[in-house]
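Colleague: The structure that follows is given in the form of structure tokens.
The values are calculated or read from the model by the stated rules, or taken from the named source; none is laboratory data. Small disclaimer: the values here were computed from a predicted structure and weren't measured. Note that we place each Cβ from the backbone using ideal geometry, even for glycine, and neighbour counts take in every protein chain shown.
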Amino acid sequence: MDYWKAFELYALFNDLDRVMAVVEHRDDTRIDFIAFKDWFRDELSELEGANVPDFSRVWLWFAPGSDWDRLMGKQGFELGRSVFKRADRWKRSQEFVPGSIVSLGGEYGWS
């Protein structure tokens with residue numbers, strides 16, 4: 001099974017390229033928007049150059065009610081949900097999240 005196809009990473013990168021196009025062409029002078037645009041540009045550059053990309057920041061920025069929703073409102077809803085859905089699928093496929101409580105044969109502990 002191709003990891004990139006299974007977790008829709010090609011589609012996720014396509015969505016992230018669409019996000020970059022939207023933020024680059026948006027005439028918004030709010031400080032928080034400009035900061036998001038800079039952070040996003042840097043993050044996308046890092047992701048594109050990584051052998052094993054980590055979409056944790058993307059997952060946080062595009063979670064319902066987070067930065068993307070706050071900055072884009074209804075205009076960015078569909079694209080934001082597409083990014084989050086794919087980043088969430090990737091995130092859920094990763095190993096245990098540090099600090100998670102796990103059950104192993106009825107005994108509990110921290111991962």
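Colleague: Counting residues that are under 18 Å from Asn14 (Cβ atoms) and at pLDDT below 90, which helices (runs of 4 or more DSSP H) fully inside region 36-111 reach at least 1?
Modeller: Here the list reads 77-93.
Colleague: Return the residues of region 1-27 that are charged (D, E, K, R), part of a loop (DSSP other than H, G, I, E, B) and in contact (Cβ under 8 Å) with a residue 12 or more places away in the chain; say none if nothing qualifies.
Modeller: Hit for region 1-27 is Glu8, nothing else.
Colleague: How about region 9-65: which of its residues are within 16 Å of Glu78 (Cβ to Cβ) and either of a type in the set (S, T, N, Q) or touching a Cys at 6+ places or on another chain (Cβ under 7 Å) (or both)?
Modeller: Asn14
Colleague: For region 38-95, what are the residues that are of a type in the set (Asp, Glu), farther than 23 Å from Ala6 by Cα and surrounded by 13 or more Cβ atoms within 10 Å (Cβ to Cβ)?
Modeller: So in region 38-95, the residues of a type in the set (Asp, Glu) come out as 38, 42-43, 46, 48, 54, 67, 69, 78, 88, 95.
In the following step, the residues that additionally are farther than 23 Å from Ala6 by Cα were identified as 38, 42, 67, 69.
Hits for region 38-95 are Asp67, Asp69.
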